[in-house]
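Data block below; observations after.
All of the numbers you see were taken from the coordinates with simple rules; none came from a lab. Predicted model, so just to flag it, every value in this text is computed and none were measured. Because the Cβ atoms are built from the backbone with ideal geometry, glycine has one as well, and the counts that use them run over all protein chains shown.
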């Protein structure tokens, strides 16, 4: 099993943005296209299907000079396994294009209500937060791990049931500058490598490094890695202050028995990626997990 590379396993339901981006360069963009996840009949993916179909139709019919071929690669994701501690930390739909240097994020938000848990203020803050998170990730992957092309920009918006889960067509344009939303449409946030808020924590960078090591990525030299870390490192205090509903803790699944627990699970002390509900489950899972369990520090 020494020659086995766990990054060779493709999962259409992948939730780790780090793994998916590494697989986009490893397998090619189209192998990571998740459009098939949203085939009829109607189901829980209805909102995402509407967006994916709208974007695909725009790509087919738009004839302007700023046309881009947008490919959906994630439909619910966290930056790296275990990083989405609360509801606000999940990204929703992520699109990219063949150069893997421009990215679109569409957040699917609930409609307005009077309960006080959700607000348009939260919609804006969370959407911008997700744009900064993705720019932090792709910047670090490129600078510290020689991944892909240098990032150009990340653009993010949101949609709601009131809009039929449609996105503003201005959002889809491939211009290398901020775009103005159509009157009445949600805001469009545009971040670049020179203008973003760093949001990654030390613990997240450690996990990202370990995933890259699993995929046998080439790591940059110590000086470049440290510069990359400083460029994307944020703090918990920088994270958005949002309503109570967005602060609910996310349940986690045991890697062995697959039981979903609301409580905090045990984490593999080595790779920090696998989680377990008991020591017995961790022990039972080791024969499989040891193939994946790698750390950047051990590989250095």
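Using just its DSSP H runs of length 4 or more, each adding -39500 (n - 2.57), the chain gives a mean residue ellipticity at 222 nm of -10000 deg cm²/dmol after division by all residues. Rounded to the nearest 10 degrees, the inclination of helix 46-61 to the longest alpha-carbon principal axis of the chain is 70 degrees.
Stretched out straight at 0.36 nm per residue, the stretch from residue 30 to residue 56 would grow longer than its current Cα-Cα span by 8.0 nm. Which residues in the stretch 218-262 have a backbone N closer than 20 Å to a point placed 7 Å from the Cα of residue 150 along the Cα-to-Cβ line? Flagged as within label range: 218-233. Between helix 222-232 and the chain there is an angle of about 40 degrees, using the helix long axis and the longest principal axis of the Cα atoms.
The simple Förster model, with R0 at 41 Å and r as the Cβ-Cβ distance, assigns residue 99 and residue 269 a FRET efficiency of 0.60.
The packing ranking of peptides 141-152, 56-67, highest mean first, is 141-152, 56-67, where packing means the average number of other beta carbon atoms within 10 angstrom of each residue.
Dividing the mean sequence gap of close Cα pairs (under 8 Å, 6+ apart) by how many residues the chain holds gives a relative contact order of 18 percent. In this calculation the C-beta distance from residue 257 to residue 219 is compared with R0 = 25 Å, giving a FRET efficiency of 0.15. The DSSP beta bridges internal to the chain are antiparallel in roughly 65% of cases. Taking label positions 7 Å along the Cα-Cβ direction at both residue 178 and residue 245, the computed distance is 2.8 nm, reported to one decimal.
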